[in-house]
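Here's the structure we're looking at; comments come further down.
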Amino acid sequence: MNASKKILFAAVATGMACLISGCASTDTLSKQQADLPKDKINAGGLFAENCVRCHGTNGRAHTFHGIILGAQNLTDAKWQIDTTDDEIIHAIKTGPHAMPEFDKKLSESEIEALAMYVRTLKAAN
Ligand code: HEC
C-alpha cells in the first residue's frame with residue numbers, strides 16, 4: 001500500500017469507528033445542555049449548531065439554505081413585533097414549512113432559551 005492509500009484507509013477507518021460508536025466523545029451542544037436550566041444554557045451556541053445554516057449568524061437568513069428554503073429573517077422589526085414568544089417557541093418545536101422540527105432534538109429549556117436568543121437578533125430598523 002502506498003502512502004496516500006494508507007492515509008485514505010486511516011481516514012475511512014476513523015469514520016467507520018465514529019459511525020459505529022455514535023461519536024460519543026463529540027456530543028453535540030444540544031445533548032450536553034439538555035438537562036440544564038434555561039439561564040445556564042448557551043443559546044448562542046445552540047443557535048450556531050442548529051439554526052445558522054438557514055437563518056445565518058446574524059439571523060438575516062442570507063445563507064444558501066436560507067435563500068433556497070425561504071427562511072424567516074429573524075431580525076425583521078415588523079416580524080419581531082407581530083410574533084409572540086409562544087409563536088416562536090411553537091415554530092422551533094414544530095418547524096413550519098421547510099424548517100425541521102426541534103421538539104425531539106432540544107429540551108424544553110433549550111427551546112425557551114433559543115426563543116429568547118431570537119429576540120436579541122432584532123435589528124434597530
Ligand atoms: C433547514 C433550514 C432551517 C433551519 C435549520 C432552521 N430554520 Fe427556522 N425557518 C426556516 C424556514 C424555511 C422558515 C420559514 C417557514 C415559513 O414559511 O413560515 C423558518 C422560520 C422560522 C421562524 C419564524 C416562524 C414564524 O412563525 O414566523 C423562527 C422563529 C425560526 N425559524 C427559528 C429557528 C430556530 C431557532 C432554529 C434553530 C433551532 C431554526 N429556525 C432552524 C428554515 C430553517
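Quick notes on this structure:
- Scope the range 90-121; condition over 21 Å from Asp76 (Cα atoms) and among the acidic types (Asp, Glu); matching residues: Glu101, Asp103, Glu108, Glu110
- Among the residues of the range 60-81, those that are aliphatic (A, V, I, L, M) and surrounded by 13 or more Cβ atoms within 10 Å (Cβ to Cβ) comprise Ala61, Leu69, Ala71, Leu74.
- Within the range 82-125, the set of residues being open to solvent by 80 Å² or more (accessible area, probe 1.4 Å), not polar (S, T, N, Q) and not in a loop (DSSP other than H, G, I, E, B) comprises Asp82, Asp86, Glu87, His90, Glu108, Met116.
- Qualifying residues in the range 86-125 (those that are touching a residue at least 40 places away in the same chain (Cβ under 8 Å) and basic (Lys, Arg)) - the one farthest from the ligand (Cβ to nearest atom): Lys122
- Some residue of the range 51-69 being within 21 Å of Leu36 (Cα to Cα) and either at pLDDT 95 or above or more than 14 Å from the chain's Cα centre (by Cα) (or both): yes
- Where a residue in the range 36-59 is within 18 Å of Ala71 (Cα to Cα) and open to solvent by 30 Å² or more (accessible area, probe 1.4 Å) and its partner, wherever it lies, is among the hydrophobic types (A, V, I, L, M, F, W, C) and within 12 Å of the ligand (Cβ to nearest atom), with Cβ under 9 Å and at least six apart: Ala48/Leu29; Glu49/Leu29; Arg53/Phe64; Thr57/Phe47; Thr57/Ala48; Asn58/Leu74; Asn58/Leu121
- Leu29 vs. criteria free of Cβ contacts under 8 Å to residues at least 60 places away in the same chain, more than 10 Å from the ligand (Cβ to nearest atom) and of a type in the set (A, V, I, L, M): yes
The values are calculated or read from the model by the stated rules, or taken from the named source; none is laboratory data. Quantities reported herein were computed from a predicted structural model and do not represent experimental measurements. A quick note on method: Cβ atoms are made from the backbone with ideal geometry, for glycine too, and the neighbour counts reach across all protein chains shown. Ligands, DNA and RNA are stripped out before the accessible areas are found, and what is left, the full protein with its side chains, is counted by its heavy atoms. Shrake-Rupley method; radii C 1.70, N 1.55, O 1.52, S 1.80 Å.
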